[in-house]
Structures are given as C-alpha cells and as structure tokens.
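Notes for the one structure printed next.
The values are calculated or read from the model by the stated rules, or taken from the named source; none is laboratory data. The shown structure was predicted, so the numbers you read here are calculated from the model rather than taken from an experiment. With ideal geometry, Cβ positions are generated from the backbone for all residues, glycine too; neighbour counts draw on all protein chains shown. Remember, those area values only see protein heavy atoms, side chains included, never the ligands or the DNA or RNA. Shrake-Rupley method; radii C 1.70, N 1.55, O 1.52, S 1.80 Å.
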Amino acid sequence: MTTTSPPHILGNLCLGSAPDSWGVWFADDEGQIPYTRFLDELVVAGYTWFELGPYGYLPTDPRRLAEEVDARGLRVSGGTTFGALHRPREWDDTVAATRRVAELTAAAGAHHLVFIPPMYRDEKTGAYTESPELTSEQWAGFGRRASELGKILVEEYGVRLVLHPHADSHIQSQSEIERYLNESDARYANLCLDTGHVAYGGGDAVDLIRRYGERIGYVHIKQMDPTVLDAVAAENLSFGEAVSRGVCVEPPAGVPDPVAVVEALSDLDADLFVIVEQDLYPCAPEVPLPIAKRTREFLNARGVDVPGSVA
C-alpha cells in the first residue's frame, strides 16, 4: 500500500482569506455578493480566519458581527481601512475613520489593521485623480503621520498598523515601499506585504522578506499574470482595467512564485497571518468559491495551515 506523508506545517504561518477573494471591493455594490454568502462560502472553502474587508460590508455592530462569525466557527485576523496620509487637510478625517475601524477590529479580537493608501487613478474609470509622484514634503509627512496613527492604534486599541502597498498608489514600487519603511517608525508603522501588488509595481517580495523581515507584520498572498503586467506597461492600463483582464491568478500560476514566498516567510522569527487575496472585482457569484478552495488546498500542501493563532 502506498502512503502519502502529511505536509510539513510551517508553525509561524496562519492561513486566511478576505472579501477581496470573493470580488468585494466596496462596502456596498450591486455587483457583489451579500456578506452572508461570503461567510458561508469561507467555511465551505475550508478557511477559519478572515479579514474584515471594506468597512460596512460586514456588520459594523460588534455584537452582530460576533454572532455571524461565531455561528460559523470563524475568526477575524484583522481589519481594513483606507486613508490619504500625504494630504494634511484630511488628517482629522483619516484618524476618525481609522479609529472607527480599529474599534471594530479590536472588538472582534483581532490585532492588525491593514491601511491602504488611495489610488491616484479612479477604481472604475481609470482616470487620473492626482499626480502619481509625491513631493519630498509629502513623503516626510506620510511617514510621520503613519507613525503617529500607528502609535494611536497600539496605545488605545491594541491594534498594529500595517501599511499595504497598492497598484496605482504612491506606495507601489519597491523603492517607494522602502522609502515608506525608512520614513516611518518601526515601533508603530510596519508593512502588510502584498506579494501581488509588489510584483505589479516591479518589486521583489522575496527580497523584501529577506531584507526587511522585521518590518513585515502581516501578509497578503497573491500572484500576477506576467502577460497582463506587460500590457499594463505597454498600454498604460489602470489597476481596475488590469483586474478585468485577469491580472490576478491562482497559484501556482503568476508571479511571484508562491512557494518561494512561503519558504522565505517561514524563515522569519515571527508569527504571521498569510491572507489569500485574489482581486476578482467584478465577477460572477459562482466564480470565487472553487478558486478559494483550490488556493487553500495548494497552500495547505505547502505547509501553510488554516488553524492557529497570531497575536
């Protein structure tokens, strides 16, 4: 009789997923599935941990959220928020919005808040809404405000700020990611390493893991189709246009190599959530579940387990 050895479990990595993998980009959009279906399909796909996604998609009342989560045996890995740290005039609004998300995140028992900078191109039309370049003054303010916001989150909510590089944002290329890290205070502001967005910006996720491992507090794992990335450069496509062409692909296709990423993360002296994100907006309702299940099975087989806990 032939026996198959179980995969080696990488004890510092805990797998989860997010609404993004179900085509959810907005709190309310007629093209998205209801949150109850998302939560139900998370369970069917075999996940225990999940990220909250855009504030307002899932219930914002802590008790109601807890009821929905507990009824399905799920657990929350972190919250998600957006804000423009390079715009001083929006600072008060950014702090207020972030506090609101941090409060819900902490109430759900999670300790990470994924902070996403705004895109300088419209998500749906692709039109430029501001310059893609920050000035030196804006850069200095960005790092200072990220650190100040992170200090508020840690001291008042027990939640850690992890900034998420994003396509068509001012934190996209590897040099921009590194500048953010150099401009910010490691005690309060660190990195959500999104492997797909790093690749989209021409960066090297494995190199970032090896050189800035102590600044990585959370991970979004995804891969990008190199052929579509070539079209992005050749045709000046917006990120929304690239997603509609299928730039995000399930493993093992695309870049970076998910196995190389997992191996590099497993060498870090830190416990990390590895949250699957495959940008699918917009997509037909029946599309996400089979992809989510196959992706979970692929990563499980490479040692990234679903159960576990990350403080």
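Values for this structure:
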read-out: Filter result for L229 (closer than 23 Å to F38 by Cβ, modelled with pLDDT of 95 or more and either more than 17 Å from the chain's Cα centre (by Cα) or not in a strand (DSSP E or B) (or both)); value: no
read-out: Count - residues of the stretch 57-98 that are over 20 Å from H166 (Cα atoms), open to solvent by 40 Å² or more (accessible area, probe 1.4 Å) and not in a helix (DSSP H, G or I); value: 5
read-out: Filtered residues of the stretch 34-54 (kept if open to solvent by less than 40 Å² (accessible area, probe 1.4 Å), touching a residue at least 24 places away in the same chain (Cβ under 8 Å) and in a helix (DSSP H, G or I)); value: Y35, L39, E41, L42, A45
read-out: Looking only at the stretch 268-296, and only at residues there that are at pLDDT below 95 and open to solvent by 40 Å² or more (accessible area, probe 1.4 Å), the one that is farthest from R245 (Cα to Cα); value: D269
read-out: Residues satisfying the stated conditions in the stretch 6-33, i.e. open to solvent by 30 Å² or more (accessible area, probe 1.4 Å), within 21 Å of P118 (Cα to Cα) and out of contact with any Phe, Trp or Tyr (no Cβ under 6 Å at 6 or more places or on another chain); value: F26, D28
read-out: Residue that is farthest from G78 (Cα to Cα) [pool: residues in the stretch 159-210 that are part of a loop (DSSP other than H, G, I, E, B), open to solvent by less than 30 Å² (accessible area, probe 1.4 Å) and touching a strand residue (DSSP E or B) at 6+ places or on another chain (Cβ under 7 Å)]; value: D168
read-out: S244 among the hydroxyl-bearing types (S, T, Y) and open to solvent by 60 Å² or more (accessible area, probe 1.4 Å); value: yes
